[in-house]
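Worksheet for the structure shown next.
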Amino acid sequence: MRSSVYFYPTLKETPQEAQIVSHRLMLRSGMISQVTAGIYTWLPSGLKVLNKIAQIIRQEQDRAQSLEVLMPTIQPAALWEKSGRYHIYGKEMLRMVDRHEREMLYGPTAEEVITDIFSRFVKSYKDLPKRFYNIQWKFRDEIRPRFGIMRGREFLMKDNYSFDLTVEGAKASYQAMLEAYVRTFARMDLTAIPVRAATGPIGGDLSHEFQILAETGESEIFYDAAYETLDVNTITLERLQTLYAAADELHDPQTCPVPADQLRTARGIEVGHVFYFGTKYSIPLGAYVTGPDGKQVPVEMGSYGIGVSRLVGAIIEAHHDDKGIIWPESVAPFKVGLLNLNIKDKACTEMCEDLYQKLLQAKIETLYDDRDMGIGAKFADMDLIGLPWQIIVGPRSVTTGQCELKNRRTGEKIEISLEDVLKRMCYCG
RNA sequence: CGGGGUGUAGCGCAGCCUGGUAGCGCGCCUGGUUUGGGACCAGGAUGUCGGGGGUUCAAAUCCUCUCACCCCGACCA
């Protein structure tokens with residue numbers, strides 16, 4: 001993509017409404033634009049990142065034997081009256097009335113809809129287990145939206161709902177999601193700590209919040225250092241239940257089982273939440289199956305959320321410096337930024353065009369800054385938007401045949417030939 | 001919802017106290033000179049001063065109502 005064609009309105013100055021770094025950088029790099037409190041337009045580069053994150057989540061959900069569905073954003077109140085939540089859910093639920101005076105709502109979550117779907121079609125234990133997920137926009141009319149898209153009112157969320165015959169089956173689903181989550185966040189270069197969370201009266205102790213470690217996190221968490229080496233191969237439900245991790249308000253130094261030298265403390269951003277809730281919705285919504293003994297049994301359910309749009313902010317919180325964003329390659333809007341330092345230098349521009357075409361042919365996502373502007377501004381823009389690699393080509397390159405390859409994260413710069421830089425981009429990452 | 005604050009050009013702000021031609025920086029447009037870290041010179045465009053009502057000869061400025069947004073708290077992916 002050429003910068004001259006693309007649209008990423010960068011800002012030199014920070015809009016005064018933005019307080020936290022991810023919000024500032026998203027506005028400054030032209031990823032989003034606020035429409036009204038807690039509601040944003042996603043501009044091209046922001047949307048690109050959002051879609052890449054969603055795609056990683058999708059792949060890991062699929063791998064965990066889950067089926068994607070798309071449910072309506074507008075739901076009928078009647079369904080919520082069935083589950084009993086219509087009158088419990090407070091003002092966070094945006095309610096509206098259609099032309100026939102039917103009460104409707106903009107879905108804050110989808111347990112009701114999915115459970116209804118399930119109960120319509122799944123009748124036998126032989127059809128279990130089933131896991132459905134959706135990635136879609138939800139709306140919660142937060143009292144006070146803040147931190148940009150980190151706590152907006154409209155947000156993109158992945159929710160997975162599992163249906164199992166038995167508690168044991170439900171635990172297996174739970175575990176499958178734990179693994180999927182660890183994998184998902186790892187692919188985004190995030191350290192995620194599954195912190196045991198308080199649940200409602202029905203949830204029991206099976207609930208974990210995934211906290212991303214970032215200096216600017218909203219809550220302080222305390223955890224066993226063993227979490228830092230957690231991976232999909234070692235994570236099990238049993239193991240997790242023996243590992244200690246607690247949020248600020250639940251942490252008690254007196255009763256903490258972790259020896260002081262093993263205890264870590266950091267700030268966290270909640271990006272995911274998994275929990276098992278048994279038959280809380282299956283009973284009122286009539287999600288029963290016929291068991292092997294011919295009896296009707298309510299299914300065991302769990303739900304597993306990931307704040308997709310929030311992750312965009314969380315990743316920035318975890319990956320930035322004073323110059324701007326530092327995207328992990330897996331979610332970067334482009335892998336490479338190609339900087340033409342002098343558009344008016346014919347030979348230099350030819351060299352850039354040639355390299356750009358080769359990068360395109362090699363299917364390397366490239367943002368080619370072909371704009372006619374000061375080099376300082378180009379460098380600043382490129383650092384700000386945070387593409388993992390910068391290939392810098394100037395008039396000097398015409399005589400030396402060398403360009404400069406810069407790693408955005410480390411700041412390391414090397415002189416390298418144009419042929420080699422192409423190869424390097426093909427094989428790294 | 002309680003407390004605090006802000007609305008003046010695309011962005012960041014000054015002007016308001018003490019009423020009298022609406023300003024600065026950045027950005028934008030034109031021309032030229034530049035070109036390895038937010039360039040320089042010259043010229044130019046851009047405002048219902050958030051909105052309504054009032055006071056006054058005269059309101060960005062004073063009074064009043066209202067709307068929007070931001071921050072702190074309670075709540076949340």
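Only the coordinates and a few stated rules stand behind these numbers; no lab work does. Keep in mind that what you see is a predicted model, and the values were worked out from it rather than measured. Neighbour counts run over all protein chains shown; Cβ positions are idealised from the backbone, glycine included.
Each peptide in A:421-428, A:207-214 gets a packing score, the mean of other Cβ atoms within 10 Å over its residues, and the list from highest to lowest is A:207-214, A:421-428. Scanning residues 5 or more positions from A:Ile193 or on other chains, those with amide H under 5 Å from its amide H are A:Gln211, A:Ile212, A:Leu213, with H placed 1.01 Å from N in the peptide plane. Here the Karplus relation 6.51 cos²θ - 1.76 cosθ + 1.60, evaluated at θ = phi - 60°, turns the backbone of the range A:321-333 into coupling constants of 9, 6, 8, x, 7, 10, 6, x, 4, 5, 10, 4, x Hz, with x for every Gly and Pro. In order along the range A:245-256, the Karplus-derived 3J(HN,Hα) couplings, from 6.51 cos²θ - 1.76 cosθ + 1.60 at θ = phi - 60°, round to 7, 8, 6, 2, 6, 9, 7, 10, x, 5, 9, 4 Hz, and Gly and Pro are given as x. Among the lysines, which fall within straight-line cross-link reach of A:Lys123, defined as a Cα-Cα distance under 24 Å, with same-chain neighbours fewer than 8 residues apart omitted? Candidates past the 8-residue exclusion: A:Lys82, A:Lys171, A:Lys280, A:Lys295.
Counted by Cβ distance under 11 Å from A:Glu142, the other residues give a net charge of +3, where Lys and Arg count +1 and Asp and Glu count -1.
Around the amide H of A:Gly386, modelled in the peptide plane, lie the amide H atoms of A:Ile325, all under 5 Å away and 5 or more residues distant in sequence or on another chain. Could you run the Debye sum over the Cα atoms of the range A:300-429, one equal point scatterer each and no solvent, and tell me log10 of I(q)/I(0) at q = 0.12 Å⁻¹, two decimals? Here log10 of I(q) over I(0) equals -0.48.
Using a cutoff of 8 angstrom between alpha carbon atoms and counting only pairs six or more residues apart, the relative contact order for chain A works out to 16 percent. For the range A:126-184, the residue among A:Phe139, A:Ala170, A:Leu128 whose Cα projects farthest onto the positive side of the dipole built from Cβ charges is A:Phe139.
Take every DSSP beta bridge whose two residues both sit in chain A; close to 85 percent of them are antiparallel. Of the trypsin sites (Lys or Arg not before Pro) found in the range A:1-105, the ones in coil according to DSSP and having at most 10 other Cβ atoms within 10 Å of their Cβ are A:Lys12, A:Lys91, A:Arg99.
I need the semi-axes of the equivalent ellipsoid of chain A: take the C-alpha gyration tensor, multiply each eigenvalue by 5, square-root it, list largest first in whole angstrom.
44, 25, 21
Listed by Cβ neighbour count within 10 Å, with the fewest neighbours leading, A:Leu341, A:Leu67 appear as A:Leu67, A:Leu341.
In terms of other Cβ atoms within 10 Å, A:Thr400, A:Thr184 run from fewest to most in the order A:Thr400, A:Thr184. Dipole size of the range A:239-317 about its Cα centre, with +1 on Lys/Arg Cβ and -1 on Asp/Glu Cβ: approximately 220 debye, rounded to the nearest 20. Couplings for the range A:217-230, taken from phi via the Karplus curve 6.51 cos²θ - 1.76 cosθ + 1.60 with θ = phi - 60°, read x, 7, 10, 8, 10, 10, 8, 6, 4, 4, 4, 5, 10, 4 Hz in order; Gly and Pro are left as x.
Please state the shape class of the range A:1-128: rounded when a/c is under 1.5, otherwise prolate if a/b exceeds b/c and oblate if not, all from the C-alpha gyration tensor. Judged from the Cα gyration tensor, the range A:1-128 comes out oblate (a/c at least 1.5, b/c at or above a/b). Just add up the charged neighbours of A:Ala347: K/R +1, D/E -1, any other residue whose Cβ is under 12 Å from the Cβ of A:Ala347. Here the count lands on -1. Annotation: amide H-H contacts under 5 Å for A:Ser207 (H modelled 1.01 Å from N, sequence separation of 5 or more, or interchain): A:Ala197.
Full extension of the chain segment joining A:Asp261 with A:Arg424 gains 54.5 nm, where the gain is 0.36 nm per residue of separation less the Cα-Cα distance. All other residues whose Cβ lies under 10 angstrom from that of A:Phe155 are scored, Lys and Arg at +1 and Asp and Glu at -1, for a net of +3.
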